[in-house]
Amino acid sequence: MEDVRKLNNGAKFSLQKLLPRKKTAPGVERRKKKLTPARLGRIALSIVRGVIVFGICYVILYPVFVKLSVSLMDESNLYDATVKYVPKTFTLDNYRKVLKGLEYGKSFLLTAVISGGVAFLQLIVCMLTAYGFARFRFPGKNIFFGCVIFTLIVPPQILMLPMYMNFRFFDILGIAKSVTGESINLLNTAGPVLIQAITCIGFKNGLYIYMLRQFFKGIPKELEEAAFVDGCGKLRTFVQIMMPVAVPMMVTVFLFGFVWQWTDSFYTGMYMPKMALLSNKLSGLATTIAAQYKDMGGSMNFVTPGFASMMNNTGVLLVILPLVILYLACQKHFVEGIARSGIVG
Amino acid sequence: MKAMRKVNGKRKMTLRGKEAVAGFCFIIPFLVGFIGLFLPMLFKSIAFSFSNMQVGTGGYVLQKAAEGGLEHYKRALTIDPDFNLKLLNAVKDMFIQVPLILIFSFFAANLLNQKFKGRGIARSIFFFPVILTSGIILGIESSDLLQQTLGPEGMLSADDASTVFNISKFLMNYTNLPATFVNYLSEAVLGIYDIVIASGVQILVFLAGLQGISPSLYEASNMEGATAWENFWKITFPMISPLILVNSVYTIIDSFTSADNELMTLIKKTIFSDVKYGFGSAMAWIYFVLIAVIIAVVGGLISRKVFYTD
């Protein structure tokens, strides 16, 4: 659609060029473009639009800037009324403390592996399911798709307790119990989130299936029919024909899955509270650092709110930094994927 | 539709049958998850809410709760001091927030759909809250003291809140607008940050929908001399209306299940810190039934007005 418009514009443009220009007498300056009401209106509109867009961007980015400025301050600056935004005593000390308090290297790796694994599994499984819903006719299809939407509507908090019990005493059809005599305890391993990912009942997986289904529905059927005629199997068609077309949407779903697992505190806090994951570390950050500080002979008897807040701000920055980099790296695909999903109804 | 057919004495699958089998194969992961994990857990959760649970080392034992199993429900609704209040607050917050989020995200999507310089940058900044407001980060933010004093709302509360107050006073004194409406608007202006950060996904969905509208519709109407205003109400709005339904349902769910929702915190605390499994499950179920009813009513009302092309 975009291309057509471009073509149209191009045609207009070249037409204007072809038309003979009005002759201007030599020496007379070419008049400026007339300020017609329509043009004035357009200028006013673009100014208003610019102001609004800038304002909203400011509202979104402001907290990040505040965090950045706070993270570079010394604690005394927080209580200094003359300091606003620009730190008086510039220091990287906060970062040093937080890197140590989060055990950044270790927890970064672990979080990255788990988030990557979960996002990848979710992507594959949701894609298969979505393709099944988008392209095949089978009895009960609408009912099953209703079930997908249903999983999205049920708040995870309702299933919280049975899920917890399920993974605390995990067993598939009583196999483990008959072999070892005991059920398996999957808590504090990556098991629960991986199992949820592979069975499509992870966090907001219904949304992914829905988005991917709409995307697949929007792709012309002729592509696959050509492949079928050439004797290509259904799975192979999916892998070789559909997947390359769906790259933008895949990037989008992967990004969602990765980000939401990375910052997830609900499942992480429930299934693996003792693992060294960034979101676990972040929630207890200030107290951890205070304890470390005390061990080193510091005189911190209690955690001041200013200190806690400073640590939290620095910690949040460090936690979202990898996400921001990832987001910027695939934001082109991301926006394109959304634009082409053509979600309707 | 026949899945099987006899050909030369042998039973063979029809094309339809093959297609159905292939379809089922593709959705196997979901079926396993839904039937094998999701539904049993849903039923377990119902069972928990009607009983008392004792956890041992090897597993757990359920006993039927008092008063025919309804003990926990009765307690949540009639005895517990917090539950009803928080339930009402959650519903109230939802009704205030959801229309604002919908209007804002629709507006923002229209804005981002126009052509202007720096549109790519603006788009990526508008979607940035998807990262910024997920999980733990939102939790940390809402409990953070400095953010509350330095953050946009805190900043507003100093000078701008009085400005907003003056304007709303002016509006009430000199215009015929109803007071509740003016209050609603001024609250919306003060809470702009909350609205903006809650509408990332909704903007995405609307933007996708806007891009899916065929330009030929606009071309035709422009030929007939329609104004931009008419175009908006006669083309854009009806074409986007299915997405208004999708987005309102999504926003309602999001507002009910977000990490900073008080009731959710209460339920989690009851189950895990106070170890009252049955009571917590009963609270969660009352909450869910309420959500389901609200979604059904809102969805029903909106879907009457929705326009489908096919």
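A compact table of results
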{"item": "Rel. contact order, % - alpha carbon contacts under 8 angstrom, at least six apart, region A:93-341", "result": "32"}
{"item": "Average other protein chain Cβ within 10 Å of Cβ, residues A:88-94", "result": "0"}
{"item": "Cβ crowding within 10 Å averaged over residues, with A:57-70, B:80-93, A:111-124 ranked highest first", "result": "A:111-124, A:57-70, B:80-93"}
{"item": "Relative contact order of region B:240-310, defined on C-alpha pairs under 8 angstrom at six or more residues apart (%)", "result": "46"}
{"item": "Alpha-carbon Rg/Rh ratio, for region B:177-310, with Rh computed the Kirkwood way", "result": "1.11"}
{"item": "Label-point separation in nm, B:Leu217 to A:Thr287, each point 7 Å along Cα→Cβ", "result": "5.5"}
{"item": "Rg/Rh (Cα only; Kirkwood hydrodynamic radius) as it applies to region B:80-305", "result": "1.01"}
{"item": "Distance between region A:185-259 and region A:58-115 - C-alpha centres, whole angstrom", "result": "37"}
{"item": "Using θ = phi - 60° and Karplus 6.51 cos²θ - 1.76 cosθ + 1.60, couplings along region A:140-153 (whole Hz; Gly, Pro as x)", "result": "x, 4, 5, 5, 5, 5, x, 4, 4, 5, 4, 4, 6, 7"}
{"item": "Positive-end extreme of charge dipole, region B:80-305 - chosen from B:Ile271, B:Gly191, B:Ile244 (charges on Cβ)", "result": "B:Ile244"}
{"item": "Environment charge at B:Val130 (Cβ cut-off 13 Å; Lys +1, Arg +1, Asp -1, Glu -1)", "result": "+1"}
{"item": "Environment charge of A:Trp262, counting only residues whose C-beta is closer than 15 Å and scoring Lys/Arg +1, Asp/Glu -1", "result": "+1"}
{"item": "Computed magnitude of the charge dipole of region B:4-49 (debye, nearest 20; Cβ of K, R +1, Cβ of D, E -1)", "result": "520"}
{"item": "Whole-number accessible area per residue in Å² for region B:175-310, which is evaluated in the context of all protein chains at 1.4 Å", "result": "47"}
{"item": "Estimated buried accessible area (total), pair A and B, 1.4 Å, Å² to nearest 100", "result": "8600"}
{"item": "List B:Asp254, A:Asp230, ordered by accessible area with a 1.4 Å probe, largest first", "result": "A:Asp230, B:Asp254"}
{"item": "Members of A:Lys332/B:Lys305; A:Lys204/B:Lys276; A:Lys141/B:Lys276; B:Lys74/B:Lys305; A:Lys217/B:Lys44; A:Lys67/B:Lys268 lying beyond 32 Å, as alpha-carbon distances in this model show", "result": "A:Lys332/B:Lys305; A:Lys141/B:Lys276; B:Lys74/B:Lys305; A:Lys217/B:Lys44"}
{"item": "Peptide A:199-208, shielding by other chains (average Cβ, 10 Å cutoff)", "result": "5"}
{"item": "Reduction of at least 20 Å² in accessible surface, 1.4 Å probe, comparing all protein chains with the chain by itself, residues of region B:21-35", "result": "B:Ala22, B:Gly23, B:Phe24, B:Phe26, B:Ile27, B:Pro29, B:Phe30, B:Leu31, B:Gly33, B:Phe34"}
{"item": "Net charge contributed by nearby residues that have their C-beta within less than 13 Å of A:Leu99 (K/R +1, D/E -1)", "result": "+3"}
{"item": "Inter-chain Cβ neighbour average for residues B:114-121, partner chain, 10 Å", "result": "3"}
{"item": "Solvent-accessible surface (1.4 angstrom probe) belonging to B:Ile79, in square angstrom, nearest 10", "result": "120"}
{"item": "Area projected by the alpha carbon convex hull of region A:93-341, averaged over all directions, nm²", "result": "18.1"}
{"item": "Pairwise Cα inverse-distance average, inverted: Kirkwood Rh of region B:4-49 (Å)", "result": "13.1"}
{"item": "Residues along region A:244-286 losing 50 Å² or more of accessible surface when the other protein chains are present rather than the chain by itself (probe 1.4 Å)", "result": "A:Thr263"}
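The values are calculated or read from the model by the stated rules, or taken from the named source; none is laboratory data. Every value quoted in this text rests on a predicted model; they were computed, and no experiment measured them. A quick note on method: Cβ atoms are made from the backbone with ideal geometry, for glycine too, and the neighbour counts reach across all protein chains shown. For the accessible areas, the whole protein counts, side chains as well, though only heavy atoms, and no ligand, DNA or RNA atoms are used. Shrake-Rupley method; radii C 1.70, N 1.55, O 1.52, S 1.80 Å.
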